[in-house]
1. In the range 186-233, how many are under 14 Å from Gly142 (Cα atoms), small (Gly, Ala, Ser) and in contact (Cβ under 8 Å) with a residue 60 or more places away in the chain?
2. Only one of Leu111, Leu159, Leu105 is among the hydrophobic types (A, V, I, L, M, F, W, C), in the same structural domain as Phe45 (by TED's automatic domain parsing) and more than 16 Å from the ligand (Cβ to nearest atom). Can you tell me which?
3. Somewhere in the range 57-65, is a residue assigned to a loop (DSSP other than H, G, I, E, B), in the same structural domain as Ala92 (by TED's automatic domain parsing) and surrounded by fewer than 22 Cβ atoms within 10 Å (Cβ to Cβ)?
4. May I ask you to verify whether Asp104 is closer than 21 Å to Gln21 by Cβ and open to solvent by 40 Å² or more (accessible area, probe 1.4 Å)?
5. What is the one condition in (1) within 24 Å of Arg41 (Cα to Cα); (2) out of contact with any Asp or Glu (no Cβ under 7 Å at 6 or more places or on another chain); (3) not small (Gly, Ala, Ser) that Met228 does not satisfy?
6. Can you tell me which residue in the range 140-181 is nearest to Arg123 (Cα to Cα), limited to those that are open to solvent by 60 Å² or more (accessible area, probe 1.4 Å) and in contact (Cβ under 8 Å) with a residue 60 or more places away in the chain?
7. May I ask you to list pairs of residues, at least six apart or on different chains, whose Cβ atoms are under 7 Å apart, with the first in the range 84-104 being part of a strand (DSSP E or B) and the second being among the acidic types (Asp, Glu) and more than 15 Å from the ligand (Cβ to nearest atom)?
8. Exactly one of (1) under 26 Å from Gln185 (Cβ atoms); (2) within 16 Å of the ligand (Cβ to nearest atom); (3) acidic (Asp, Glu) is unmet by Asp51. Its number?
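The values are calculated or read from the model by the stated rules, or taken from the named source; none is laboratory data. All values derive from a computational prediction rather than experimental measurement. Every residue, glycine as well, gets a Cβ built from its backbone with ideal geometry; the counts of neighbours run over all protein chains shown. Heavy atoms of the whole protein, side chains included, go into the accessibility calculation; ligands, DNA and RNA do not. Shrake-Rupley method; radii C 1.70, N 1.55, O 1.52, S 1.80 Å.
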Amino acid sequence: MRILVVEDDAGIAVGLRTTLQQRGYAVDLCDGVSGAWSALRAERFDAVLLDLGLADGDGSELLRRLRLSPGAGDTAQPPLPDPATPVLILTARDQVHQRVAGLDLGADDYLTKPFDVDELDARLRALLRRAAGRTSPTLRQGDIELDPAARTVRQGGKLVDVSPREFSVLLVLMEARGRVLSRQQIEERLYSWDAAIESNAIEVHIHHLRRKLGGACIQTMRGVGYFMPTEAR
Ligand code: CA
């Protein structure tokens, strides 16, 4: 899952990136409003962690613009940020009226500094769960069950050993619930700007997942991409 961290304190930003990467997220950093707006136009993020006091403006301004964005649509040129992108405000402003204002402006959640990374991660998981329209904290497809909190995969109740990248590919495919995703769409969810991507990395991960979970669990739609057949198919 791809996270945009908008934070002007370099120490906090780099610390957040390291922590979130260790927990399997792809993380991109922006230190201001204008850079973040450009990033949101260029890429789709699964969530934004937004500081409010930024060098070139206030994070609330970015949030306001994001929520008013008409979105990508079919014809928007250049593309505009997705107004439904989940936003968690992460700020030192801890007064009740400030938290209320942030939430009323369109933030999905609000956490004050200093924060606990376990709580931040749990809130992020909740945000991603709601954004995907899931009610259950775990994802299930056929006999495969994925637990984003424990980062485990089970098949028929038995633990399956998958690498962190394989876990991420599986999570992205399961969140898509039967939709076909192109290789590029999967890559975008998995890699930040600065990550070096082997051209066939996704194919290799999918090959390994098929070996571990059974060949039929991930289907290829030739020339289009990959999908996990839902039970109804
Ligand atoms: Ca700040």
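1. Qualifying residue count, the range 186-233: 0.
2. Of the residues listed, the single one that is among the hydrophobic types (A, V, I, L, M, F, W, C), in the same structural domain as Phe45 (by TED's automatic domain parsing) and more than 16 Å from the ligand (Cβ to nearest atom) is Leu105.
3. No, the range 57-65 contains no residue that is assigned to a loop (DSSP other than H, G, I, E, B), in the same structural domain as Ala92 (by TED's automatic domain parsing) and surrounded by fewer than 22 Cβ atoms within 10 Å (Cβ to Cβ).
4. no
5. Against the list (1) within 24 Å of Arg41 (Cα to Cα); (2) out of contact with any Asp or Glu (no Cβ under 7 Å at 6 or more places or on another chain); (3) not small (Gly, Ala, Ser), Met228 comes up short only on (1).
6. Arg151
7. Every condition considered, the pairs that remain are Val87/Asp108; Leu88/Asp108; Leu88/Asp109.
8. (1)
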